[in-house]
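**Student:** Here it is: the structure, laid out below.
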């Protein structure tokens, strides 16, 4: 009996060893991708094929989706789909797929002219029909993730083969920035295949084409698209031939994989690891992320009292949080990041614990305050919440931290079940505060129950304002009001994105735009 | 016995129906909203409601459950809005990934545990016994997260013997298996040692020895058979580990397994994915326990299947 058992065990081992070998034939997985995934796992290290320049990248992404290009997590659409415009580090837009555009002063229409030499990987020519199809999707499908952004768009008219005219139902001041986040789809292929099949292996028009998109194993592979229009247009285009991109959720794993050269570029590097990487000769790039960490105050509770809001603001030492808790970033001196809606003359947020204690002793009734936060909000959110709690308790508040997972946090915040809530807001272009003024503050999306009529009036002056200078002044007025009245948001700090790469990568060729995203256009790899 | 097996299978169906109800209810009771998670933070309540209608989440719970179970009976496990693909294939690929790790861990874990447990059990009180028990205790006490990171830093970064993460052949599975192996081997070693000590105290062993049978033969031919029953029990729990995956190991080593998938699905309330994974895990577990019980009767004729 024992012999039989041992024989069976040995046979099972042999079968498993055979099955687990790395030379299995490609098999179909749900996405049509190669199940012996051609990701960072290829036995060939970067550059093993001498004629081919290969880079392997990683980030902390939960899953791969095509829905939005507005996240730092998603590079595949950018590398593969391309963009209508190119944004520089100052937030200015330059021609890219769209070679010309016209935005009248009233903001009620925008005329876009495409280049005539853009082809998709399917071989189809990009025309105004594709652009019309792409821009009308969120108008026709209101449940699309970006549909809200396109609420001002009424219709897209075709003027000629390469020109479209966007017709608005209301002024859309951030039109150029917003439409730049939607990759142009190959309408013929999309209609032929349907949405899910199309996105399983999309027909794209960017510098790289998708070879394998493995949503199951969270990785993708891109290959140089030789027919891309930009190779002969831009100076010093990237010399990369192939890109492997893999999820790596754990920070230590991702950093270790860079150190073993399994990855060439990694993102979301923890601050604590930057010195180690520098000491080992890796290159570290710190970029402005335009992510603002803020504290929302619920006016329905005790923080309807402006004095108590002021006490909270006075009690929080933002510089200390950035220096000792987070380690990197910028303490908020203004209710927004540096950029167009900032006031360089702002005195910033004062830290004064004595004054905070005095206000608390005069106004606070001692009831427990709920500090709501999401465990996934930002790096070191646990420590951040504890630091805020500690500072507020020193001032005399009775604070309880409610650390929730993200889904529960979203429900609680949107229903106003909090007194204070740690929140994060990403802006897409440096200094452009339009959405925050009109949606976050103006529409009170995060249910602060703010009843400040003057604030809403100021937000209305931003809403639909297509005159740049006038809008900028209006946004400054909104934030000055927010700072003067300590609500509904108290801004804490602005985060920094840290990327790291090995010596194969010319870090200076990683062009970082105003949103903190880098693009591959000029990336040079040895 | 076949009649008993069939009856057991019928009870399995009832069990799975109960599991399906719990799997359906749990993510909904936990709060959160899939529609809200799929939309940006600035989405209005009207947009969220429209998304709920699109996904059928506005229907009464009973109707949603009936629709889901009808799909299950047709082999349709639903659609994952998070991954934008059918749940069945997604789940199956992830399960295979987890199963590979678990099977290897089980095999190597017992290849280490059996000899160590036997040596310790047959040399009770000796320095060998103490050494083996010390290693086993340390192995069981060692936090898995810490051990995983230690393996990465030592074997991958310092020595460069294995890759840090990824999916592929044996070399990619080595570190994840090692991390799970420590705990399993330690536990089985202690179990086998205890079993061997108890078995060697039995009268039949004394009688066998009195008849002149050598100790080696007693250990391998007589005592080992009785000591193997805990291993079979361990097989049952390993099936549980296989279907559940190890979230810690899969997350740290970037191994796309079913445990990691379940956690990600729960995080965004991907209801159909959560329900299907829980149901699938329960089915595998129940069938696995049934197979284990059958194996008992094969290994030890004294045990009756019930």
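The values are calculated or read from the model by the stated rules, or taken from the named source; none is laboratory data. Everything quoted here is computed from the prediction, not taken from an experiment. Cβ coordinates were reconstructed from backbone atoms using ideal geometry, including for glycine residues, and neighbour counts include every protein chain displayed.
**Student:** I'd like the residue in region B:119-151 that is farther than 21 Å from residue B:259 by Cα and buried (at least 21 other Cβ atoms within 10 Å of the Cβ) and, out of all such residues, is nearest to the other protein chains (Cβ to nearest Cβ).
**Tutor:** Among those residues, the one meeting the criterion is B:121.
**Student:** May I ask you to list the residues in region B:89-98 that are facing another protein chain (nearest Cβ under 10 Å) and either crowded, with 18+ Cβ neighbours inside 10 Å or part of a loop (DSSP other than H, G, I, E, B) (or both)?
**Tutor:** Result: B:90, B:91, B:93, B:94, B:97.
**Student:** Hey, can you tell me all the residues within region B:31-49 that are within 24 Å of residue B:69 (Cβ to Cβ), more than 7 Å from chain A (Cβ to nearest Cβ) and surrounded by fewer than 17 Cβ atoms within 10 Å (Cβ to Cβ)?
**Tutor:** Across region B:31-49, there are no qualifying residues.
**Student:** If residue A:129 meets every condition in (1) part of a strand (DSSP E or B); (2) over 30 Å from residue A:437 (Cα atoms); (3) assigned by TED's automatic domain parsing to the domain that holds residue A:94 apart from one, which number is that one?
**Tutor:** (1)
**Student:** Does at least one position in region A:204-212 carry a residue that is closer than 30 Å to residue A:433 by Cα, assigned to a loop (DSSP other than H, G, I, E, B) and more than 14 Å from every other protein chain (Cβ to nearest Cβ)?
**Tutor:** yes
**Student:** Which residue out of B:28, B:7 is closer than 18 Å to residue B:263 by Cβ and in a helix (DSSP H, G or I)?
**Tutor:** Selected residue: B:28, the only one of B:28, B:7 that is closer than 18 Å to residue B:263 by Cβ and in a helix (DSSP H, G or I).
**Student:** I would also like to ask the following. Every residue in region A:144-182 that is within 14 Å of another protein chain (Cβ to nearest Cβ) and over 20 Å from the mean Cα position of the chain (by Cα), please.
**Tutor:** Result: A:151, single match.
**Student:** Name the residues in region B:163-176 that are crowded, with 22+ Cβ neighbours inside 10 Å and more than 7 Å from chain A (Cβ to nearest Cβ), would you?
**Tutor:** B:175, B:176
**Student:** Condition test on residue B:132, is it touching a helix residue (DSSP H, G or I) at 6+ places or on another chain (Cβ under 8 Å) and over 17 Å from residue B:241 (Cβ atoms)?
**Tutor:** yes
**Student:** Please go through (1) crowded, with 16+ Cβ neighbours inside 10 Å; (2) under 24 Å from the mean Cα position of the chain (by Cα); (3) in a helix (DSSP H, G or I); (4) not assigned by TED's automatic domain parsing to the domain that holds residue B:173 for residue B:77 and return the number of the only condition it doesn't satisfy.
**Tutor:** Going through (1) crowded, with 16+ Cβ neighbours inside 10 Å; (2) under 24 Å from the mean Cα position of the chain (by Cα); (3) in a helix (DSSP H, G or I); (4) not assigned by TED's automatic domain parsing to the domain that holds residue B:173 one by one, residue B:77 breaks only (3).
**Student:** When you go through (1) under 23 Å from residue A:87 (Cβ atoms); (2) surrounded by fewer than 18 Cβ atoms within 10 Å (Cβ to Cβ); (3) in contact with a strand residue (DSSP E or B) (Cβ under 9 Å, 6 or more places away or on another chain) one by one for residue A:196, which number turns out not to apply?
**Tutor:** (1) is the only condition that residue A:196 fails.
**Student:** Hey, another quick one. What are the residue pairs meeting all of these: first residue in region A:426-452, first residue on the phi > 0 side of the Ramachandran plot and within 12 Å of another protein chain (Cβ to nearest Cβ), second residue at pLDDT 80 or above and assigned to a loop (DSSP other than H, G, I, E, B), Cβ atoms under 6 Å, and 6 or more apart or on different chains?
**Tutor:** That search, which allows pairs on different chains as well, returns A:444/A:450; A:447/A:416.
**Student:** Quick one: in region A:359-398, which of the residues that are within 15 Å of residue A:321 (Cβ to Cβ) and assigned to a strand (DSSP E or B) is nearest to the other protein chains (Cβ to nearest Cβ)?
**Tutor:** Per the stated criteria, the residue is A:373.
**Student:** Scan region B:245-262 and tell me whether some residue there is touching a helix residue (DSSP H, G or I) at 6+ places or on another chain (Cβ under 8 Å), touching a residue at least 40 places away in the same chain (Cβ under 8 Å), assigned by TED's automatic domain parsing to the domain that holds residue B:110 and over 26 Å from residue A:257 (Cβ atoms).
**Tutor:** no
**Student:** Are any residues in region A:154-174 closer than 15 Å to residue A:101 by Cβ and either part of a strand (DSSP E or B) or out of contact with any strand residue (DSSP E or B) (no Cβ under 9 Å at 6 or more places or on another chain) (or both), and if so, which ones?
**Tutor:** Matches in region A:154-174: A:156, A:157, A:159, A:160, A:163, A:164, A:165, A:166, A:167, A:168, A:173, A:174.
**Student:** For residue A:128, all conditions in the list (1) modelled with pLDDT of 90 or more; (2) under 27 Å from the mean Cα position of the chain (by Cα) hold save one; what is the number of the exception?
**Tutor:** (2)
**Student:** Could you list, in sequence order, the residues of region A:228-263 that are within 14 Å of another protein chain (Cβ to nearest Cβ), at pLDDT 90 or above and assigned to a loop (DSSP other than H, G, I, E, B)?
**Tutor:** Of everything in region A:228-263, those that are within 14 Å of another protein chain (Cβ to nearest Cβ), at pLDDT 90 or above and assigned to a loop (DSSP other than H, G, I, E, B) turn out to be A:260, A:261, A:262, A:263.
**Student:** Which condition breaks for residue B:199 when tested against (1) crowded, with 22+ Cβ neighbours inside 10 Å; (2) in contact with a helix residue (DSSP H, G or I) (Cβ under 6 Å, 6 or more places away or on another chain); (3) more than 14 Å from residue B:112 (Cα to Cα)?
**Tutor:** Going through the list (1) crowded, with 22+ Cβ neighbours inside 10 Å; (2) in contact with a helix residue (DSSP H, G or I) (Cβ under 6 Å, 6 or more places away or on another chain); (3) more than 14 Å from residue B:112 (Cα to Cα), residue B:199 breaks only (1).
**Student:** Looking at (1) out of contact with any helix residue (DSSP H, G or I) (no Cβ under 6 Å at 6 or more places or on another chain); (2) at pLDDT 70 or above; (3) in a loop (DSSP other than H, G, I, E, B); (4) surrounded by fewer than 17 Cβ atoms within 10 Å (Cβ to Cβ), which is the one condition that is false for residue A:94?
**Tutor:** Status for residue A:94: all satisfied but (3).
**Student:** If you go through region B:58-86, how many residues are at pLDDT 85 or above and within 12 Å of chain A (Cβ to nearest Cβ)?
**Tutor:** 4
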